[in-house]
Amino acid sequence: MLTYHQSVRLQVDNVLVQYHIFDTDEPLMVTFPPSSNAMSQEQVDADQQAWSFQFFAKKKMNVISFNHIGGETHYFDSAKFAVFIDDLSDSLFPFPARIGYGCSKGGFAAAFHAKALKLDKALLLMPLSTYWQPNAPWDPKLSKHTELQVQDMSHIDASHCETPLTIIYDPLFIPDTLHKKRFKSCVASYRIPGVGHRIARALQHTGSLKETILEFREGEINAERFYRVARKRKQLSYYFRSIDKSSTQKMTPKRLGVIYLHRFYQYKSQSIDLDKLKSRLQQSIEKRINSFVVWCKGKALLQ
């Protein structure tokens, strides 16, 4: 079913499949993107590359990248795509290892299809365990998707994955912590506190994303290196925004002083638009109220 030694693109229902097989004696990376990397049909027709495909292909590493088409109304739940995955699985036996890699809803997809793809392991960044909100009422990100569904999708649940999973997440971000808790086959986890649902961005901005992925492909992530580099997150502006919103119960006056001093210098360097500031303040208050309600529900579930 697979064509070797050339880049191949094909569309299966509402999914772009892009792959390049260089050497069947080397591991195969199987990747799924976050929902924000959905492609339009125009982008597919214009030969835009699937998420993460070029990263591996440029290094001459075997890769199959799946990219959803058409926004957030679906997420690799097509019946035609499921049949394609089943047919594809027999072609994956020659590889010494089949390694999944997914981010956010891509983490969900990698775990959900892991068995059919015969994955040996998978690296998931801030993964969702489900996108059916009644299964995860503490995650407000899922409300839009659930509203668009015309039938019960509760059976589409990645938490039943049996493939060994390595998960990177922010333990202070309650929804992602509760998603991580639902995965029963998580064998290793790495934490980046205070960045919220921005794990991939934080890894990239601290210069750790590439090395983390390649270490996982070869074996295990070097924990000493990972946490040493993760300290650089304190140089990121959104770290201070996120940590300010996190109820850690460890917010000392000194820590609050550092956070607000950083934010003061950030705002000082910008021109002030009072109407915009008023609007942002109002939105911030509403978000904080909603976040507090979600946090209270999530905290109760963690106890």
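Return the pair list, or none, for Cβ contacts closer than 9 Å from residues in region 5-34 that are more than 21 Å from L123 (Cα to Cα) and free of Cβ contacts under 8 Å to residues at least 24 places away in the same chain to residues that are of a type in the set (V, I, T) and surrounded by 14 or more Cβ atoms within 10 Å (Cβ to Cβ), at least 6 apart or on different chains.
Every condition considered, the pairs that remain are H5/I21; Q6/I21; V8/V17; V8/I21; L10/V17.
Determine whether region 56-64 contains at least one residue that is touching a strand residue (DSSP E or B) at 6+ places or on another chain (Cβ under 6 Å), β-branched (V, I, T) and surrounded by 22 or more Cβ atoms within 10 Å (Cβ to Cβ).
Yes, region 56-64 contains at least one residue that is touching a strand residue (DSSP E or B) at 6+ places or on another chain (Cβ under 6 Å), β-branched (V, I, T) and surrounded by 22 or more Cβ atoms within 10 Å (Cβ to Cβ).
Mind listing just one residue for me: the one in region 70-103 that is at pLDDT 95 or above and touching a helix residue (DSSP H, G or I) at 6+ places or on another chain (Cβ under 8 Å) and, of those, surrounded by the most Cβ atoms within 10 Å (Cβ to Cβ)?
G102
Have a look at S104, S78 and point out the one that is among the hydroxyl-bearing types (S, T, Y) and farther than 17 Å from M126 by Cβ. I'd like the intermediate steps shown before the answer.
Numbers: S104 fails: farther than 17 Å from M126 by Cβ.
That would be S78, the only listed residue that is among the hydroxyl-bearing types (S, T, Y) and farther than 17 Å from M126 by Cβ.
The values are calculated or read from the model by the stated rules, or taken from the named source; none is laboratory data. Please read all numbers here as calculations on a predicted model, not as lab measurements. Neighbour counts run over all protein chains shown; Cβ positions are idealised from the backbone, glycine included.
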